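The values are calculated or read from the model by the stated rules, or taken from the named source; none is laboratory data. Bear in mind the structure is a predicted one, so any value in this text is a computation, not a measurement. Positions of Cβ are generated from backbone atoms using ideal geometry, with glycine treated the same way; all protein chains shown enter the neighbour counts. Heads up: the accessible areas ignore ligands, DNA and RNA and are worked out on the full protein's heavy atoms, side chains in. Shrake-Rupley method; radii C 1.70, N 1.55, O 1.52, S 1.80 Å.
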Amino acid sequence: MCGIFGYCNYLVEKSRGEIMDTLVEGLERLEYRGYDSTGIAIDGDELDSTLIIKQIGKVSALKKEIAKVNPNRDVTFVSHCGIAHTRWATHGEPKQVNCHPQRSDPNNEFVIVHNGIITNFRELKTLLLNKGYKFESETDTECIAKLFKHLYDINYQNGHELDFHELTKLVLLEIEGSYGLLCRSSHYPNEVIATRKGSPLLIGVKSEKKLKVDFVDVEFPDESNLGRPETPLIAANGKAIHSDDNNITVTTNKKNPDAFLNGNGHSSGSHDDNLLPIAANEFNLRYSQSRAFLSEDGSPTPVEFFLSSDASSVIKHTKKVLFLEDDDIAHIYDGELHIHRSRREVGASMTRSIQTLEMELAQIMKGPYKHFMQKEIYEQPESTFNTMRGRIDFENNSINLGGLKAWLPAIRRARRIIMIACGTSYHSCLATRAIFEELSEIPVSVELASDFLDRKSPVFRDDICVFVSQSGETADTMLALNYTLERGALTVGIVNTVGSSISRATHCGVHINAGPEIGVASTKAYTSQYIALVMFALSLSDDRVSKLERREAIIQGLKLIPSQVKQVLKLEPKIKELCATKLADQKSLLILGRGYQFASALEGALKIKEISYMHSEGVLAGELKHGVLALVDENLPLIAFGTRDSLFPKVLSSIEQVTARKGHPIVICNENDEVWMEKAVNSNLETLEVPQTVDCLQGLLNIVPLQLMSYWLAVNKGIDVDFPRNLAKSVTVE
Ligand code: AGP
């Protein structure tokens with residue numbers, strides 16, 4: 001999905017060349033998210049002017065465009081704010097005018113980069129067209145830039161010189177939908193605004209001097225300064241602003257919900273022009289200084305800020321970051337970072353902490369690997385270990401999940417557990433559902449987030465809803481989370497990305513600690529989610545004597561997983577050869593699994609589809625005879641999971657049904673399994689042997705050959721493995 005990057009230097013002299021390089025490099029670190037075009041906005045040569053350079057294609061194409069435009073790289077700036085973007089098209093195809101930054105007018109007075117979707121952009125566009133604004137792109141973002149200018153101009157004409165964040169509050173009152181956005185303006189030189197709603201945004205802080213405090217105060221409107229209108233003031237979008245003793249609330253004006261627009265969706269003339277300056281008066285703010293950025297002697301401190309939708313682009317510069325929350329308006333100017341909110345909410349935090357990231361730069365570099373996906377597959381011995389590190393005591397067979405501990409009694413009392421996720425994360429839930437039910441003795445349902453929402457599935461206060469997500473930002477999962485929160489359920493997050501929306505919005509949870517996953521195809525996150533869920537199930541049953549033996553077997557099984565994964569990785573040469581021979585140029589591939597291995601079949605098929613563009617389907621082996629068997633002949637490539645568990649005889653029979661129809665499956669089986677050794681000789685089938693583990697953990701090992709297979713099928717076809725077409729790493733739109 002789209003990526004945002006911004007860089008502000010204050011009293012740290014930088015040449016334009018250095019600033020552009022920092023922005024472009026920031027974009028390169030966001031490339032993995034998936035995108036189709038790029039752009040930057042920096043100071044131009046004229047006083048307070050903005051230079052925008054953008055291009056469709058990869059960051060390399062942007063570099064060429066910058067070289068073509070050839071701005072003077074040697075000009076230096078003591079203070080400067082630049083913004084940059086990678087775009088994944090939602091409104092309007094990838095073409096240069098649709099790239100971000102989007103602008104308010106040909107003079108680039110307000111320039112925006114934006115992630116997310118503005119749902120009321122058509123109405124806003126109609127209104128702004130009526131006001132005489134000319135649109136050059138098909139994007140929803142352009143409306144925001146023009147709205148900034150429109151509201152700035154009418155307030156200015158009415159004698160109101162708004163602070164940049166006050167203006168932003170007025171703009172945000174008008175826009176609906178989701179956004180993470182940065183705005184810079186020639187009216188506010190060397191200032192930048194960063195704000196978010198439903199789209200991640202963080203700010204890295206780099207300063208030679210130690211920050212005075214490791215938090216930033218949140219600034220609210222000073223209610224004592226507010227005028228008290230007799231009747232509600234109607235803001236531009238038909239929302240009425242009320243004030244009461246303690247807070248300001250924004251509610252819809254029921255009588256005239258379209259106060260800003262007439263019945264045709266057009267502007268109702270002077271309505272907005274008259275009202276907006278009055279609404280602006282509502283936001284007379286207490287002016288404060290940001291404590292973190294105060295120097296001992298009160299003199300200005302040199303500082304750099306790195307704004308991004310993703311920690312991976314900030315980590316090279318600083319590990320000190322602040323995660324913005326929904327509706328925060330960060331205003332950076334004069335070397336200070338201020339966080340504003342439009343209204344004071346009861347119980348809302350008064351500060352945002354500046355945290356220290358534990359991520360290392362090496363974690364987001366490819367190292368000796370050709371692709372991030374390959375690196376991440378090979379990291380699994382380590383990442384699976386990291387998921388368990390400090391949480392499992394293998395000596396005493398006990399589990400300690402700090403983020404869940406206090407909530408376990410409440411979870412144990414639940415009538416049901418609902419696991420909700422998308423894609424690979426959904427498969428990790430399927431893979432662990434049986435052991436969850438077995439150990440917790442609570443019914444577990446597993447839901448695809450989008451379908452769960454489409455059905456408006458009933459949720460009760462005594463439900464436990466578990467949200468599994470690598471990124472912690474997936475829109476469908478996030479919406480489902482909000483839906484369950486509204487209904488009073490207890491929510492648990494199983495998330496990889498620290499500070500992500502899902503990890504912050506859930507009541508409690510577990511970070512899977514797999515480290516940054518850059519490849520679009522989720523690999524190490526799957527195995528770590530799987531382990532985190534198993535540990536969760538083990539924690540739920542640690543008060544049950546009847547489960548003691550089973551729990552011990554699983555915990556001791558987990559201990560061996562990292563080294564067993566390492567062993568499975570040794571299959572790579574054989575898998576590579578199969579991809580180049582038996583599986584080369586095939587159109588379709590069936591993957592059979594049963595019981596615990598049904599999830600492995602689905603996950604393997606998803607990997608193959610998304611990376612190699614080959615059709616692949618995970619089939620429940622028990623369903624074979626109910627239809628899929630019709631596809632089987634001597635030509636159809638088929639993979640079957642034949643590892644040992646209680647369902648082995650049934651799996652064997654399914655595979656025999658395949659070989660009886662001249663099918664030649666590749667069987668993933670346990671090492672030296674006599675049954676398969678014999679069949680390999682007599683029935684012309686291939687085997688891929690993996691170590692044996694406890695039944696509920698076998699999927700952790702069985703998935704690795706399929707990850708490698710999808711990787712080599714894709715590489716052999718010359719596909720850009722880390723950036724498969726049409727896909728994005730973090731799916732932040734519905
Ligand atoms: C997996 O390879 C995919 N890229 C995709 O299915 C992914 O798992 C899904 O979009 C959910 O993402 P999340 O884990 O970040 O929520």
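Amide H to amide H, with H built 1.01 Å from N, LEU592 comes under 5 Å of VAL619, ILE639, ALA640, PHE641, counting only residues 5 or more places away or on other chains.
Dimensions of the range 377-427 along the principal axes, based on C-alpha atoms and rounded to the nearest Å, stand at 39, 35, 16, largest first. Using just its DSSP H runs of length 4 or more, each adding -39500 (n - 2.57), the chain gives a mean residue ellipticity at 222 nm of -10500 deg cm²/dmol after division by all residues. The relative contact order of the chain, computed from alpha carbon pairs under 8 Å that lie at least 6 residues apart in sequence, is 12 percent. Measuring between alpha carbons in the structure, the pairs from LYS95/LYS131; LYS197/LYS370; LYS375/LYS662; LYS58/LYS566; LYS576/LYS650 lying more than 32 angstrom apart are LYS197/LYS370; LYS375/LYS662; LYS58/LYS566. Taking the C-alpha atoms only, the angle from helix 59-69 to the longest principal axis of the chain is near 30 degrees.
Counted over the chain, the DSSP beta bridges are approximately 65% antiparallel.
For the range 359-401, the carbon plus sulfur part of the accessible surface works out to 50%, probe radius 1.4 Å.
Rounded to the nearest Hz, the phi-derived 3J(HN,Hα) couplings of the range 591-606 under the Karplus curve 6.51 cos²θ - 1.76 cosθ + 1.60 (θ = phi - 60°) are 10, 9, x, 9, x, 4, 8, 5, 4, 4, 5, 5, 5, x, 5, 5, where x marks glycine and proline.
Against the criterion of solvent-accessible heavy-atom surface with a 1.4 angstrom probe, TRP88, TRP676, TRP712, TRP407 sort, most first, into TRP407, TRP88, TRP712, TRP676.
Peptide packing: for 36-46, 442-452, the average count of neighbouring Cβ atoms within 10 Å per residue gives the ranking 36-46, 442-452, highest mean first.
Between helix 121-130 and the chain there is an angle of about 30 degrees, using the helix long axis and the longest principal axis of the Cα atoms. Using equal-weight Cα scatterers in the Debye expression, the normalised intensity of the range 560-619 in log10 at q = 0.22, 0.30 Å⁻¹ is -1.02, -1.11. Between GLU395 and ARG487, the modelled label-to-label distance comes to 4.5 nm, taking each label 7 Å out from Cα in the direction of the beta carbon.
Taking only the C-alpha atoms of the chain, the Rg (one decimal) and the largest Cα-Cα distance, Dmax (whole number), read 27.9, 90 Å. Principal-axis analysis of the Cα atoms of the chain puts helix 16-30 at an angle of about 40° to the longest axis. Computed on protein heavy atoms with a 1.4 Å probe, the accessible areas place LYS456, LYS131, LYS576, LYS169 in the order LYS456, LYS576, LYS131, LYS169, largest first.
Between GLN355 and VAL545, the C-beta separation translates, for a Förster distance of 41 Å, into a calculated FRET efficiency of about 0.50.
Summary value for the range 413-514: 26 percent relative contact order, contacts being C-alpha pairs under 8 angstrom separated by 6+ residues.
Highest mean first, the peptides 589-596, 18-25 sorted by other C-beta atoms within 10 Å per residue fall in the order 589-596, 18-25. Peptides 525-537, 75-87, 198-210 ranked from most to least packed, by the mean per-residue count of other Cβ atoms within 10 Å: 525-537, 75-87, 198-210.
Can you grab the distance from the C-alpha centre of the range 626-701 to the C-alpha centre of the range 387-452, Å, no decimals? First find each Cα centre; the distance between them is then 29 Å. Measuring only protein heavy atoms, the 1.4 Å probe finds MET359 accessible over about 40 Å². For the range 78-151, the relative contact order works out to 36 percent when only alpha carbon pairs closer than 8 Å and six or more residues apart are counted.
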